[in-house]
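Heads up: the structure comes next, in structure tokens.
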């Protein structure tokens, strides 16, 4: 809660209430389900009930004849629309694996869109959709990425790619190692599951010849580019509009078949088309994520130095390759070493298709999985080397003196260069905070008394600030109010407030006088959106640079108006005054804007308006870091795990709004706990998805989430950004499964017991029954 | 021909005479026929609680009722919480304590928490947490929701 | 997930309601009480009743009252009505204890005791209560009233002895002796979830030994029931660990647990042993 006079202005470091809140707490938000246009149609997708097969026919006659139905499309009706391409550009090697908006020839997962039905209302659409009959010659289903690959199409197999990264000398290192430690771990299939299902409203504005897509999110500019190519329209002829978004977590906002269909339908049926999926659809059609198996070994020296990792990975991609291409494999193979030196390395990822929902990125993609794998492996090394797990980690952490530390790995086209940070130093702080040694002693005492309690630690290494560039536009009006236009996006994380705080700090004004625009391709031509914890870092840096430019202009004009050198001026709460005379002669930002009006005599030959547009380029991503500590209690009889205590340490570089950052960490933690203990998509032998209701797919409630203690440090501002900020979106989730797994092992006294997520009560009970008797 | 029924709902003190098919859920009637879109659909099978509204003084999941069942009922939704420009203590508490991020689950939590505190002002903290565990949030991790509701409860008790 | 179309009826008396049921049951006419179980199944279109007979407007049905030595629970009595004990003595307390594990607060505002019983989800807490405490289920139709003992009422998953034209108008639970001990333990994955298994036990003590034990298991088989073998093993013994463990093992061995992709029969069996023992421990406090 903001306190103190200057803290009300919402500058950097102030935990001020968010600008986003007023409409959201009064029910005035505009989520895509709230958007309606006159004469709109409702679209309902008819999805394959088969996991794999060739389409013989799709009978739409009965559906078409249903009252209130205007059209029913199958792939023939959109033969001219190409498959959905990869967000980062074409890739001929993977082109064959892309998904068309409606399935052609084959269906490849239960939920695969086969037909699109357009009716007067959503209830009618659902009634009529049941009348569509999909006739399929079923084919054998492939449900495991670690089973042998099968044919996909045209000579390509289901192993769509082999993504490999390596450096150093694996063969010799393993041949000569003091000890080799092996591990086989599995991360279960789960995903973001935001509380708002996906939706889109397509509208063709014939008056302006513009196709509008409402309900866009995350990457509106990129999606606009893709849609333009698919619909053969110029950039200025397609606009995307982001309203309020009910969470994204990486899975909302990628271009999906339904987005393409509402746009095409709006054009061809000449009526606005609204599509809102239901929860059952969402759970089988929105991107899944996370399912990987790692068979990993480490070569260890006698003193505990980990000399090499060699990892064979099976990534379960599902039925098609969607907009992310193989980026999750890239991030997985690129971030596995984490905060440890690991001088030799090889990771080979089998990127394989299966007959399940397509997978892509979910909050902390690649890092969530690899943190689990790496930290489980470090724990196992500690056991086999008879070393304390903390000491083993210290032995291997990259030290501050070695920073910036370059690693010959690629993450999203960027080489991995760790920016300065003190991994061990923060660990010291964290262990002190939880009184680690006393905690261990206390837990041991409780174990002696028969309780199954334990503590676990995981160290994580995140990435944020994916570039290469972003820009911003700032305009100050004659009342001193400011509009900041960005190509960013808001999925609920407080983007507007963060940008406003940065602008308020640089322009010396109150954050509440600032309006932040985002998600609007018609307001700014460029933008990379919000993902990869980049919004605050990249767009924030662009906003800062632009605001400082505006400040410079304002002070230059004010200097003339006040007859005082610009260097002696300051801005406080929108008022420009002499630094040493805050209540003396002054002008406001609004006065300066008026003085720069095109016809104002004071303008001189300066450009009109108090405004600026600037770009920020980032050389490398930033790599924030931290650790998680979990204390758990296990019920021997039921296998249930309760989290008693939780601690997160994170170096944020520079905090814009600590309250919002903590919100991101706690929210991420809740999702991390979900993946560690509760959430999983399962399938039966026929590829039928079994987790398609909220009774089967278990999101944690308030009772399952502990109140974590958080240590947020600003010890190492990022060297990549002018403000030193690092992203916060993914730190809360990344370390959770490993810390919890480690704590469970400790609680039940079985090192390495947990090699799979989610660790459900039934699975844990089985492990205990088998190994404890 | 869809048989529609004429019903009358009072939503936040305002009467709505609408004509709806029996199968139209109360949630959809509120959102579409009464034009109040603050009540959200998160699952449509009664688990997430985003659709929570107050019907004749009780918090209910509007996706589990049909609009026709609410004929003659007094319904309160999030749009009716504030008193003109004056926010309800629960709303103020949510923004002061950063108890919302995307805001999608927020109306459901606001109505659930407000209703239970109106019905049981002396509810124990543990029972209050039990009630709050009824609703799902995917963004906040709940910690700030708990803080906000506790703060609002204290204020509602005084006032 | 919008329900399929149906015709809606809102009778004002029980007579009207059963007349409507008689007429429309052949077209899959169903009773709508709380709707908290029925409406989700309609949202998934697993249930597509052609007619719904909404009994919420029938005043006579929401009563909960003691009548002689039975607690009579009317068709529209809500779960929330049981939050505070509805009668003095152990029965009221037992019901107030059990209701805390039923779903969530807003569900309890609408969901009904009798609706739960008629729906017969194996994971229903009230079904377990009715079976364990030997309730009498009162069904009415145009042909009149029929009393069905709980043991005969629950047939299998979502299936009761009710004819398609019968309304479950009331459930009568015998009151419990003032010195009855009870214990209830449920296991689920998250707060408010369906029970994966649950145990409800009651007994009295005479001369320090357990008499008239009732051990009911729910959530584990296709219907809730008393486990006679486990009760027999308990009767006449002192309320102590040895007896509890034996009864728990007997109960676990006696059941035929359900199995699905998420939960194995073996795991459920193990839970039944654990929960039975814990319920007995709880009862003995």
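Only one of A:111, A:89 is modelled with pLDDT of 95 or more, at positive phi and either assigned to a loop (DSSP other than H, G, I, E, B) or within 14 Å of another protein chain (Cβ to nearest Cβ) (or both). Can you tell me which? Even if it seems obvious, please write down each step before you answer.
Working: A:89 fails: modelled with pLDDT of 95 or more.
Just a single option satisfies the conditions, and that option is A:111.
Within region A:169-183, the residues that satisfy the criterion of being surrounded by 13 or more Cβ atoms within 10 Å (Cβ to Cβ) and within 20 Å of residue A:370 (Cα to Cα) are A:170, A:180, A:181, A:183. Taking the conditions (1) more than 16 Å from residue C:200 (Cα to Cα); (2) crowded, with 22+ Cβ neighbours inside 10 Å in turn, residue C:48 satisfies each one other than (2).
Taken together, the residues in region A:722-771 that are in contact with a helix residue (DSSP H, G or I) (Cβ under 8 Å, 6 or more places away or on another chain) and more than 14 Å from chain C (Cβ to nearest Cβ) amount to 34. Is it the case that some residue within region A:322-332 is in contact (Cβ under 8 Å) with a residue 60 or more places away in the chain, part of a loop (DSSP other than H, G, I, E, B) and more than 21 Å from residue A:142 (Cα to Cα)? Yes, there is a match, as at least one residue in region A:322-332 is in contact (Cβ under 8 Å) with a residue 60 or more places away in the chain, part of a loop (DSSP other than H, G, I, E, B) and more than 21 Å from residue A:142 (Cα to Cα). Looking only at residues in region A:378-414 that are over 27 Å from residue A:181 (Cα atoms) and in contact with a strand residue (DSSP E or B) (Cβ under 7 Å, 6 or more places away or on another chain), the one that is surrounded by the most Cβ atoms within 10 Å (Cβ to Cβ) is A:403.
In this structure, residue A:233 qualifies as more than 14 Å from every other protein chain (Cβ to nearest Cβ), in contact with a strand residue (DSSP E or B) (Cβ under 7 Å, 6 or more places away or on another chain), surrounded by fewer than 22 Cβ atoms within 10 Å (Cβ to Cβ) and not in a strand (DSSP E or B). Per the conditions (1) assigned to a loop (DSSP other than H, G, I, E, B); (2) free of Cβ contacts under 8 Å to residues at least 40 places away in the same chain; (3) on the phi < 0 side of the Ramachandran plot; (4) within 14 Å of chain B (Cβ to nearest Cβ), the sole criterion not satisfied by residue A:27 is (3). Selection of first residues in region A:661-690 that are more than 10 Å from chain B (Cβ to nearest Cβ) and over 14 Å from residue A:740 (Cα atoms) and of second residues that are at pLDDT 95 or above and part of a helix (DSSP H, G or I), restricted to Cβ pairs under 8 Å at least 6 apart or on distinct chains, gives the following pairs, ordered by first then second residue: A:681/A:283; A:689/A:283; A:689/A:284. Within region A:65-77, if we keep just the residues that are in contact with a helix residue (DSSP H, G or I) (Cβ under 8 Å, 6 or more places away or on another chain) and at negative phi, the residue that is surrounded by the fewest Cβ atoms within 10 Å (Cβ to Cβ) turns out to be A:67.
Any residue in region A:519-526 that is more than 26 Å from residue A:597 (Cβ to Cβ), assigned by TED's automatic domain parsing to the domain that holds residue A:477 and crowded, with 21+ Cβ neighbours inside 10 Å? Scanning region A:519-526, I find at least one residue that is more than 26 Å from residue A:597 (Cβ to Cβ), assigned by TED's automatic domain parsing to the domain that holds residue A:477 and crowded, with 21+ Cβ neighbours inside 10 Å, so the answer is yes.
Based on this model, can you work out whether residue A:644 counts as over 24 Å from residue B:132 (Cα atoms), more than 10 Å from chain B (Cβ to nearest Cβ) and at pLDDT 95 or above? So residue A:644 does not fit the description; no. Restricting attention to region A:78-96, the residues that are touching a residue at least 24 places away in the same chain (Cβ under 8 Å) and either surrounded by fewer than 16 Cβ atoms within 10 Å (Cβ to Cβ) or under 19 Å from residue A:259 (Cα atoms) (or both) total 11.
Out of the residues in region C:248-264 that are assigned to a helix (DSSP H, G or I) and within 22 Å of the chain's Cα centre (by Cα), state the one that is farthest from the other protein chains (Cβ to nearest Cβ). Give the steps one after another, and end with the answer.
Residues of region C:248-264 assigned to a helix (DSSP H, G or I): C:248-254.
Okay, now just the ones that are also within 22 Å of the chain's Cα centre (by Cα), so C:248, C:251-252, C:254.
Numbers: C:248: 10, C:251: 14, C:252: 12, C:254: 19 Å.
My answer is C:254.
Residue C:270 meets each of the listed conditions (1) closer than 30 Å to residue A:692 by Cα; (2) away from chain A (no Cβ under 14 Å); (3) part of a helix (DSSP H, G or I) apart from (2).
Here's the yes/no breakdown for (1) more than 10 Å from every other protein chain (Cβ to nearest Cβ); (2) closer than 20 Å to residue A:19 by Cβ; (3) free of Cβ contacts under 8 Å to residues at least 24 places away in the same chain:
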position	(1), (2), (3)
B:79	no, no, no
B:98	no, yes, no
B:103	no, yes, yes
B:116	no, no, no
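Of the helices (runs of 4 or more DSSP H) contained entirely in region C:1-106, those carrying at least 2 residues that are more than 12 Å from chain B (Cβ to nearest Cβ) and closer than 30 Å to residue B:136 by Cβ fall at C:90-99. Looking across A:488, A:480, A:467, one residue alone is crowded, with 24+ Cβ neighbours inside 10 Å, in contact with a strand residue (DSSP E or B) (Cβ under 8 Å, 6 or more places away or on another chain) and outside any strand (DSSP E or B). It is A:488. The condition of being within 14 Å of chain B (Cβ to nearest Cβ), at pLDDT 95 or above, in contact with a strand residue (DSSP E or B) (Cβ under 7 Å, 6 or more places away or on another chain) and assigned to a loop (DSSP other than H, G, I, E, B) holds for only one of A:706, A:700, that being A:706.
Return yes when residue A:714 is touching a residue at least 60 places away in the same chain (Cβ under 8 Å), surrounded by fewer than 22 Cβ atoms within 10 Å (Cβ to Cβ), within 14 Å of chain B (Cβ to nearest Cβ) and touching a strand residue (DSSP E or B) at 6+ places or on another chain (Cβ under 8 Å) and no when it is not. Walk me through how you get there before you give the answer.
Details: touching a residue at least 60 places away in the same chain (Cβ under 8 Å): yes; surrounded by fewer than 22 Cβ atoms within 10 Å (Cβ to Cβ): yes; within 14 Å of chain B (Cβ to nearest Cβ): no; touching a strand residue (DSSP E or B) at 6+ places or on another chain (Cβ under 8 Å): yes.
Spelling it out, it is not the case that residue A:714 is touching a residue at least 60 places away in the same chain (Cβ under 8 Å), surrounded by fewer than 22 Cβ atoms within 10 Å (Cβ to Cβ), within 14 Å of chain B (Cβ to nearest Cβ) and touching a strand residue (DSSP E or B) at 6+ places or on another chain (Cβ under 8 Å).
The condition of being out of contact with any strand residue (DSSP E or B) (no Cβ under 8 Å at 6 or more places or on another chain), within 14 Å of chain C (Cβ to nearest Cβ) and either assigned to a loop (DSSP other than H, G, I, E, B) or within 22 Å of residue A:64 (Cα to Cα) (or both) holds for only one of A:131, A:143, that being A:131. All conditions in (1) away from chain A (no Cβ under 11 Å); (2) closer than 24 Å to residue C:38 by Cα; (3) touching a helix residue (DSSP H, G or I) at 6+ places or on another chain (Cβ under 6 Å); (4) without any contact (Cβ under 8 Å) to a residue 60 or more places away in the chain hold for residue B:67, with the sole exception of (4).
If you check residue B:35 against the conditions, is it at pLDDT 95 or above, more than 7 Å from chain A (Cβ to nearest Cβ) and part of a loop (DSSP other than H, G, I, E, B)?
Details: at pLDDT 95 or above: yes; more than 7 Å from chain A (Cβ to nearest Cβ): yes; part of a loop (DSSP other than H, G, I, E, B): yes.
Taking the combined requirement at face value, the residue satisfies it.
From A:673, A:656, which residue is part of a helix (DSSP H, G or I) and either closer than 22 Å to residue A:426 by Cα or modelled with pLDDT of 95 or more (or both)? Break it down stepwise before answering.
On the way: A:656 fails: part of a helix (DSSP H, G or I).
Answer to the selection: A:673.
Against the condition within 14 Å of chain C (Cβ to nearest Cβ) and at pLDDT 95 or above, how does residue A:126 come out, does it pass? Against the criterion (within 14 Å of chain C (Cβ to nearest Cβ) and at pLDDT 95 or above), residue A:126 qualifies.
Scan region A:239-276 for residues that are out of contact with any strand residue (DSSP E or B) (no Cβ under 7 Å at 6 or more places or on another chain), modelled with pLDDT under 95 and surrounded by fewer than 22 Cβ atoms within 10 Å (Cβ to Cβ) and the total you get is 0.
The values are calculated or read from the model by the stated rules, or taken from the named source; none is laboratory data. Note that the coordinates shown come from a computational prediction; the quantities given were computed from them, not determined experimentally. All Cβ positions, glycine included, derive from the backbone under ideal geometry; neighbour counts span all protein chains shown.
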